[in-house]
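Participant: Just passing along the structure, written as structure tokens.
The values are calculated or read from the model by the stated rules, or taken from the named source; none is laboratory data. Just so you know, these numbers come straight off a predicted model, no measurement behind them. No Cβ is skipped: glycine too gets one built from the backbone with ideal geometry, and neighbour counts run over all protein chains shown. Areas reflect the complete protein model, heavy atoms only, side chains present, ligands, DNA and RNA absent. Shrake-Rupley method; radii C 1.70, N 1.55, O 1.52, S 1.80 Å.
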Amino acid sequence: DPRVTKVGNFLRKTSLDEVPQFINILKGDMSLIGPRPLIKGELEQHNGNDLIYYKMRPGITGWWACNGRSEIDYDERLELEYYYVNNCSIILDIKCILRTVKAVIKKDGAK
């Protein structure tokens, strides 16, 4: 995208663009870990499974984010998000945080 500046590109690649989301956590609108918020037009791709997606608050990171982020297709993202919602546990959260830290440091999946 030619509109992205060098600073914006750096923020995206280092995931620093996610830092303002912590305000949403403090407000109670988001959690640290959970499915990514849906954008307009994505509900149709859930094939009726979208209710499971709303069982928890959206998160800054999630099972999808620590397992490939933008390197995987949308259908696989949904499978990973559903897996997290159905198998949520403290152990899975710890794994997610550790994998997220590793992905951010290595810049895996960052575009």
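Participant: For the stretch 27-36, check the following and say yes or no: at least one residue is in a helix (DSSP H, G or I) and either out of contact with any Leu (no Cβ under 6 Å at 6 or more places or on another chain) or open to solvent by 40 Å² or more (accessible area, probe 1.4 Å) (or both).
Facilitator: Taking the stretch 27-36 and keeping what is in a helix (DSSP H, G or I), we get 27.
Next, from what is left, pick out any that are either out of contact with any Leu (no Cβ under 6 Å at 6 or more places or on another chain) or open to solvent by 40 Å² or more (accessible area, probe 1.4 Å) (or both): 27.
Yes - at least one qualifying residue is present in the stretch 27-36.
Conditions tested, residue by residue: (1) touching a Gly at 6+ places or on another chain (Cβ under 6 Å); (2) not hydrophobic (A, V, I, L, M, F, W, C).
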position: P2; (1), (2): no, yes
position: F10; (1), (2): no, no
position: S15; (1), (2): no, yes
position: V19; (1), (2): no, no
position: G34; (1), (2): yes, yes
position: E42; (1), (2): no, yes
position: N47; (1), (2): no, yes
position: M56; (1), (2): yes, no
position: G62; (1), (2): yes, yes
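Participant: For the stretch 14-25, how many residues meet the condition of being part of a loop (DSSP other than H, G, I, E, B) and either of a type outside the set (A, V, I, L, M) or in contact with a His (Cβ under 6 Å, 6 or more places away or on another chain) (or both)? So that I can check it myself, show each step before the final result.
Facilitator: Here is the first cut: in the stretch 14-25, the residues part of a loop (DSSP other than H, G, I, E, B) are 14-15, 19-20.
From what is left, the residues that are either of a type outside the set (A, V, I, L, M) or in contact with a His (Cβ under 6 Å, 6 or more places away or on another chain) (or both) are 14-15, 20.
Final tally of qualifying residues: 3.
Participant: In the stretch 54-89, which residues are aliphatic (A, V, I, L, M) and within 18 Å of I25 (Cα to Cα)? Lay out the reasoning, then the answer.
Facilitator: We begin by selecting, within the stretch 54-89, every residue aliphatic (A, V, I, L, M); these are 56, 60, 65, 72, 78, 80, 85.
Passing the criteria: M56, I60, A65.
Residue by residue, here is whether (1) exposed (fewer than 12 other Cβ atoms within 10 Å of the Cβ); (2) without any contact (Cβ under 8 Å) to a residue 24 or more places away in the chain; (3) among the polar types (S, T, N, Q) holds:
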site: Y54; (1), (2), (3): yes, yes, no
site: W64; (1), (2), (3): no, no, no
site: V85; (1), (2), (3): no, no, no
site: V101; (1), (2), (3): no, yes, no
site: K106; (1), (2), (3): yes, yes, no
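Participant: Could I ask something else about it? I'd like to know if the stretch 2-13 contains one or more residues that are surrounded by 10 or more Cβ atoms within 10 Å (Cβ to Cβ), in contact (Cβ under 8 Å) with a residue 12 or more places away in the chain and assigned to a helix (DSSP H, G or I). Spell out the reasoning first.
Facilitator: Taking the stretch 2-13 as the starting set, the residues that turn out to be surrounded by 10 or more Cβ atoms within 10 Å (Cβ to Cβ) are 4, 8-13.
Add one more test, that the residue is in contact (Cβ under 8 Å) with a residue 12 or more places away in the chain, and what stays is 12-13.
With assigned to a helix (DSSP H, G or I) added as a condition, the list becomes 12-13.
Yes, the stretch 2-13 contains at least one residue that is surrounded by 10 or more Cβ atoms within 10 Å (Cβ to Cβ), in contact (Cβ under 8 Å) with a residue 12 or more places away in the chain and assigned to a helix (DSSP H, G or I).
Participant: Within the stretch 66-76, track down each residue that is open to solvent by 20 Å² or more (accessible area, probe 1.4 Å) and either part of a helix (DSSP H, G or I) or of a type in the set (A, V, I, L, M, F, W, C) (or both).
Facilitator: Within the stretch 66-76, N67, R69, S70, E71, I72, Y74, D75, E76 meet the criteria.
Participant: Still on this structure, I have one more. Restricting to the stretch 37-67, what's the tally of residues that are modelled with pLDDT under 80 and within 28 Å of I23 (Cβ to Cβ)? Don't jump to the end; show me each part of the working.
Facilitator: Narrowing the stretch 37-67 to residues modelled with pLDDT under 80: 37-55.
Filter once more, so that each one left must be within 28 Å of I23 (Cβ to Cβ): 37-43, 46, 50-55.
Residues that pass the stated criteria total 14.
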